Every structure is written in C-alpha cells, then in structure tokens.
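Note sheet for the following structure.
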Amino acid sequence: DGGITQSPKYLFRKEGQNVTLSCEQNLNHDAMYWYRQDPGQGLRLIYYSQIVNDFQKGDIAEGYSVSREKKESFPLTVTSAQKNPTAFYLCASRANSNTGELFFGEGSRLTVL
Amino acid sequence: AQTVTQSQPEMSVQEAETVTLSCTYDTSESDYYLFWYKQPPSRQMILVIRQEAYKQQNATENRFSVNFQKAAKSFSLKISDSQLGDAAMYFCAYRSPVAGGKLIFGQGTELSVKP
C-alpha cells in the first residue's frame, strides 16, 4: 500500500546527543515536510523540500537539519542545539494536484531525558 | 503572513447530534485552499474535507460539511449525526498556491462525543 512511514515511533535521547528521524514515502510525491506538534500549539513547520537536493527552512528550523538525497526519503536530524526537543514529530508529503493536500505519517515521539 | 485561528480549544457533542467547529484565517491572497484534518488518539492526521477558495459552493463529504465565508475569512466545519468515532482533535489549515505548498495550521479543537 502507498503511504508514509516514519521511524522510530518512540525515541529517547540524552541531552547533548543528535538523533535522526526517518521518513519514507512511496506515493511518488515531489514535496515533503516536517512538522513539530506540541500541546496547545498545533503543528509548526520545521523544514520542507519541494524537490530532490533542495530544501527550505520553515518557521522553527533552528536546531534541526534535513537532507533530500532521494525523492522517497526526507530524514530529520534533531541536533544538540535544539533547546527543547521533546515533542511529537510529523512527516508529510504533498499530493501532486491543485489542491495539494498533505498526507501524513504516523509520527515519532521524541523524549529527551 | 497568513494565520489560522481556532477559538474553541474544546467542544462536546451528544452522539447523533450536530456540532460546528469554528475557524478563521487571515490572508491577503485571493486564491488559496482550506482543509480540515482530524487527529484521533492514534495521532495519525487524516484529511476530512478540502475547499478551494475560488469555488463558491461549500464542500461536503458524507456527514462533514463546511460553511466557507470568503469575505469574512471564516471556514467552519459541521459534523452531522455525530458518532463516537468522531472524537478527536480537529485542525483547520490554510495553503497558499505559492510558498512551497506548506500548510499553516490552527491550534486545534478537541472534540468529545458523549454516548
């Protein structure tokens, strides 16, 4: 079945460590996105990529990095520079249609100990 | 910059009744897209309904319909014949036709359904 796969679902990290969240899609979508979700704040955009080997910062990119070497993959690295990394992270890809709705993965919950 | 506001953090509805969730947005663009997403306890984001701003007709998907008031910049979601499975967090979202296709989300409304 076509969809978006995020891994791991749960992740624990010690302070000062970098961690990489995986996002893979087999929908043949060009654009992919990373959002962060915190209680009471909705979803905030971290990074997005409209095409392979290109990406742009979103509203809260500080402390995060991404790469887009393949169309199917858009991994997110949470670096030690991110001051408050504990959150729920959602990856999405955008339909290649006029309306361009986003399709989401099941998310990754990162907890910093 | 565009903003999306959901002024109801929590709503409650009796099973089989109708409930309306509110959403307002701010934009200077004339062409855009609006969405309602549902996030159940599993936290998987599910598209409920979409609306193109150039269409005057309100979108409908089974028990879900919207009231799109472009001049007022309002985009409310009506859920008819509410079911227990409708209990979830609901997010309103705005998409510009430019700016990378990213969605701007409201803060969400948590809907509970009472049996």
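The values are calculated or read from the model by the stated rules, or taken from the named source; none is laboratory data. Predicted model only: the values in this text are computed from it and were never measured. Positions of Cβ are generated from backbone atoms using ideal geometry, with glycine treated the same way; all protein chains shown enter the neighbour counts. For accessibility, only protein heavy atoms count, side chains too; no ligands or nucleic acids. Shrake-Rupley method; radii C 1.70, N 1.55, O 1.52, S 1.80 Å.
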Return the value, in Å² to the nearest 100, of accessible area buried between chains A and B (probe 1.4 Å, both sides summed). 1800
So, with a 1.4 angstrom probe, what is the percent of accessible area on chain A that is carbon and sulfur? 45
When all protein chains stay in place, what accessible area (Å², nearest 10, 1.4 Å probe) is found for residue B:3? 70
Neighbour net charge for residue A:46 - beta-carbon separation under 10 angstrom, K R +1, D E -1: +1
I'd like the accessible area for residue B:46: 1.4 Å probe, protein heavy atoms, all chains in place, Å² to the nearest 10. 80
Tell me which lysines have Cα within less than 23 Å of residue A:57's Cα, excluding those fewer than 8 residues away on the same chain? A:70, A:71, A:83, B:102
Where only alpha carbons of the stretch A:12-61 are counted, the Rg and the Dmax (Å): 13.0, 36
Ordered by number, the residues of the stretch A:34-57 with at least 30 Å² less accessible area in the assembly than alone (1.4 Å probe) are A:35, A:37, A:42, A:43, A:48
Which sequence of B:19, A:112, B:98 reflects their accessible areas, 1.4 Å probe, from the largest down? B:98, A:112, B:19
Inter-chain Cβ neighbour average for residues B:33-45, partner chain, 10 Å: 3
Using only C-alpha atoms and all pairs of different ones, pull out the Kirkwood radius for chain A in Å with one decimal. 14.0
Which net charge results for the neighbourhood of residue B:34, defined as the other residues with beta-carbon distances under 11 angstrom from its beta-carbon, given Lys and Arg at +1 and Asp and Glu at -1? +3
Could you please state how large a percent of the accessible area of the stretch B:3-48 is carbon and sulfur, counting protein chains only and using a 1.4 Å probe? 48
Judged on accessible area alone, 1.4 Å probe, highest first, A:94, A:44, A:36 line up as A:44, A:94, A:36
Computed over chain B, the relative contact order (Cα-Cα under 8 Å, seq sep at least six) in percent reads 37
Efficiency of FRET from Cβ geometry, residue B:62 and residue A:9, R₀ 41 Å, rounded to 0.05: 0.85
Local electrostatic count, residue A:83, Cβ distance below 12 Å [Lys/Arg +1, Asp/Glu -1]: -2
Accessible area, probe 1.4 Å, largest first, for residues B:81, A:38: B:81, A:38
For residue B:107, other-chain or 5+-apart residues with amide H closer than 5 Å (H placed, Pro excluded) are B:6
1.4 Å probe accessible area per residue over the stretch B:28-109, in Å²: 44
